[in-house]
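The values are calculated or read from the model by the stated rules, or taken from the named source; none is laboratory data. For clarity, every value in this text was computed on a predicted model and none was experimentally measured. A quick note on method: Cβ atoms are made from the backbone with ideal geometry, for glycine too, and the neighbour counts reach across all protein chains shown. Keep in mind that these areas ignore ligands, DNA and RNA; they rest on the heavy atoms of the full protein, side chains included. Shrake-Rupley method; radii C 1.70, N 1.55, O 1.52, S 1.80 Å.
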Amino acid sequence: MKSLYGQYIKEQNNKEIIEDERGFATYFFTPDGCLVEDIFVVKEYRSKGVAKEMLDKISIIAKENGCKKMIGTVVPTCKGSTHSLQAALSYGFKLDSCRQNLICYIKEL
């Protein structure tokens, strides 16, 4: 069963969530692909492959829904943005574009 937050984002914004006691990842589908909106991992589980595991699950779901690519973003002024960008690049995302305070990256599925 989804958490209350998971139920809320589904009802209000038609977004999906993968979650467990280690963290969560939210995503939704666009005409361009599957956009991974947020990934949060509890501090004691960071750098242990949890985000990769979540992205792997989202990747499978995206392919099952006919998506050809995954899209993500990083806001450079947010706390932890350097680590987030490093993690995205190490997962195989490639830089797509930058504008104002937003870095967009993409991964072919």
Take LEU109 and decide whether it is under 13 Å from VAL36 (Cβ atoms) and in contact (Cβ under 8 Å) with a residue 40 or more places away in the chain.
yes
I'd like to check something: does segment 89-108 contain any residue that is under 23 Å from LYS15 (Cα atoms), assigned to a helix (DSSP H, G or I) and of a type in the set (A, V, I, L, M, F, W, C)?
no
Name the residues in segment 47-85 that are among the polar types (S, T, N, Q) and closer than 20 Å to ARG22 by Cα, would you?
SER47, SER59, SER81, SER84
Restricting segment 78-95 to residues that are touching a Lys or Arg at 6+ places or on another chain (Cβ under 9 Å) and either crowded, with 18+ Cβ neighbours inside 10 Å or hydroxyl-bearing (Ser, Thr, Tyr) (or both), which is farthest from ALA51 (Cα to Cα)?
PHE93
May I ask you to list the residues in segment 53-68 that are among the basic types (Lys, Arg) and closer than 14 Å to GLY33 by Cα?
LYS63, LYS68
Any residue at all in segment 40-48 that is touching a strand residue (DSSP E or B) at 6+ places or on another chain (Cβ under 7 Å), of a type in the set (A, V, I, L, M, F, W, C) and touching a residue at least 24 places away in the same chain (Cβ under 8 Å)?
no
Specify which of the listed residues (ILE71, ILE61) is in contact with a Gly (Cβ under 8 Å, 6 or more places away or on another chain), within 17 Å of LEU109 (Cβ to Cβ) and modelled with pLDDT of 95 or more.
ILE71
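State which residue is nearest to ALA88 (Cα to Cα) when the search covers only segment 1-44 and only residues that are among the basic types (Lys, Arg) and buried (at least 16 other Cβ atoms within 10 Å of the Cβ).
ARG22
Does ALA51 qualify as being open to solvent by less than 70 Å² (accessible area, probe 1.4 Å), of a type in the set (A, V, I, L, M, F, W, C) and over 10 Å from the mean Cα position of the chain (by Cα)? Spell out how you get there, then give the answer.
Numbers: open to solvent by less than 70 Å² (accessible area, probe 1.4 Å): yes; of a type in the set (A, V, I, L, M, F, W, C): yes; over 10 Å from the mean Cα position of the chain (by Cα): no.
Spelling it out, it is not the case that ALA51 is open to solvent by less than 70 Å² (accessible area, probe 1.4 Å), of a type in the set (A, V, I, L, M, F, W, C) and over 10 Å from the mean Cα position of the chain (by Cα).
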If you go through segment 21-36, how many residues are at pLDDT 95 or above and of a type in the set (D, E, K, R)?
2
